[in-house]
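Read through the structure below, which is laid out as structure tokens, and then see the notes.
Every number in this text was worked out from the coordinates using simple rules, so none of it is lab data. Keep in mind that this is a model prediction, so the values were computed, not measured. Don't worry about glycine lacking a Cβ; one is built from the backbone with ideal geometry, like all the others, and counts go over all protein chains shown.
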Amino acid sequence: MNTEQMQPWEWSEEHWRSLVGQVRAGRRLHPATWKDGARCAVALSFDSDHETSELRDGGRSIGRMAWGQYGTRAGIPRILEALRQNGVKATFFVPAVSALLHPEEQRQVIGEGHEIGLHGWIHELNSKLPYEVERDLLFRSADMIEKVSGVRASGLRTPSWDFSPNTLKIEKELGLLYDSSLMADDDCYELNEGSDPSGITEIPVEWIRDDAVYFGMDRFAGLRPYTPPEAVYNIFQHEFDRAYEEHGLFQLTMHPFVIGYRSRIWILEKLISYIKGKGDCWFARHDEVAKWVTENS
């Protein structure tokens, strides 16, 4: 009987260890101090999925694509204004199809000093793809993002944080500086490929620090996991408070078509104000964080 036909409890130790060991958290990258002596680093990010959230599964719903379009028409302008008013830089992870649909948005993001990172071609589930297809899509995405924005991306956030056994290998082939898709720690760490250091920094994410899980819904499935905005702000603030206490990294993931609404954008605005009130926090793009921890850990 081959392993595909076995139940997990029937696997050999060699087999389950090989699964666990494919990609692991390696050396912890927690610098003694952050840039300019800051006590805490703050890395805000926005996943500009827009219409690809519907397109990636072969969807044709005009309603859901309009929901995605809201992200670029209303969400992005509000987000950029909040960042501009506070002098804060952030990272936007953009599927190549989103960039092609909204090229001026990408040029504005870059023009205002923010970073654009890779986020797949059409927000595909890359863990379901063979190596050749996943590689082709990521390389094409890198080329297209550069063509649209004028800047070569140095980091990847896989769509839906979906990481395949080949993703790390492809990231190395692309020459990327960092990944931001996994969650083995609160602070940065180097990704190990098996037992070997990969040279790629992980800027870890977490569903707790993601707006979509609190506000997402599916009207056909009757899914209504709605959380009051005040409660979401409270969670984000507590996550930051402990990062500040531990002299660590506070990383946050948001979506323009989720956080960008009139009744929610205040979460971002108030959080920035609260953090700036500490007086000793470094707001940084993800690429800046990755460079700092690599050079100072």
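Taking the conditions (1) free of Cβ contacts under 8 Å to residues at least 40 places away in the same chain; (2) within 16 Å of the chain's Cα centre (by Cα); (3) within 12 Å of Pro256 (Cβ to Cβ) in turn, Trp121 satisfies each one other than (3). So, Ile122, is that one touching a helix residue (DSSP H, G or I) at 6+ places or on another chain (Cβ under 9 Å), in a loop (DSSP other than H, G, I, E, B) and under 26 Å from Phe163 (Cβ atoms) or not? Here the answer is yes, as Ile122 does meet what is asked. Among the residues of the stretch 1-30, those that are in a loop (DSSP other than H, G, I, E, B) and within 19 Å of Ser198 (Cα to Cα) comprise Gly21, Gln22, Leu29, His30.
Just one residue in the set Lys89, Lys147 is part of a loop (DSSP other than H, G, I, E, B) and charged (D, E, K, R); that residue is Lys89.
Tallying residues that are surrounded by fewer than 19 Cβ atoms within 10 Å (Cβ to Cβ), in contact with a helix residue (DSSP H, G or I) (Cβ under 9 Å, 6 or more places away or on another chain) and among the aliphatic types (A, V, I, L, M) within the stretch 178-198 yields 1. Among residues of the stretch 44-67 that are at positive phi, those with a Cβ under 8 angstrom from a residue that is of a type in the set (A, V, I, L, M, F, W, C) and in a helix (DSSP H, G or I), sequence gap 6+ or separate chain, pair up as His50/Leu101; His50/Phe257. Taking every residue in the stretch 259-283 that is at negative phi and pairing it with any residue that is among the hydroxyl-bearing types (Ser, Thr, Tyr), at least 6 positions away or on another chain, the pairs with Cβ-Cβ distances below 6 Å are Ile267/Tyr233.
Would you tally the residues in the stretch 125-171 being closer than 19 Å to Val205 by Cα, surrounded by fewer than 21 Cβ atoms within 10 Å (Cβ to Cβ) and in contact with a helix residue (DSSP H, G or I) (Cβ under 6 Å, 6 or more places away or on another chain)? Result for the stretch 125-171: 3. In the stretch 172-187, of all residues being touching a Gly at 6+ places or on another chain (Cβ under 9 Å) and not aliphatic (A, V, I, L, M), the one that is farthest from Ile208 (Cα to Cα) corresponds to Lys172. Is at least one residue of the stretch 8-20 under 28 Å from Val151 (Cβ atoms) and surrounded by 14 or more Cβ atoms within 10 Å (Cβ to Cβ)? No, because not a single residue in the stretch 8-20 is under 28 Å from Val151 (Cβ atoms) and surrounded by 14 or more Cβ atoms within 10 Å (Cβ to Cβ). Of all the listed residues (Asp210, Asp241, Asp187), the sole one being of a type outside the set (Lys, Arg) and free of Cβ contacts under 8 Å to residues at least 40 places away in the same chain is Asp241.
Residues in the stretch 223-277 that are aliphatic (A, V, I, L, M), within 13 Å of Cys40 (Cβ to Cβ) and more than 20 Å from the chain's Cα centre (by Cα): 1 in all.
When the helices (runs of 4 or more DSSP H) confined to the stretch 199-287 are screened for residues that are exposed (fewer than 13 other Cβ atoms within 10 Å of the Cβ), those reaching at least 3 such residues are found at 229-245.
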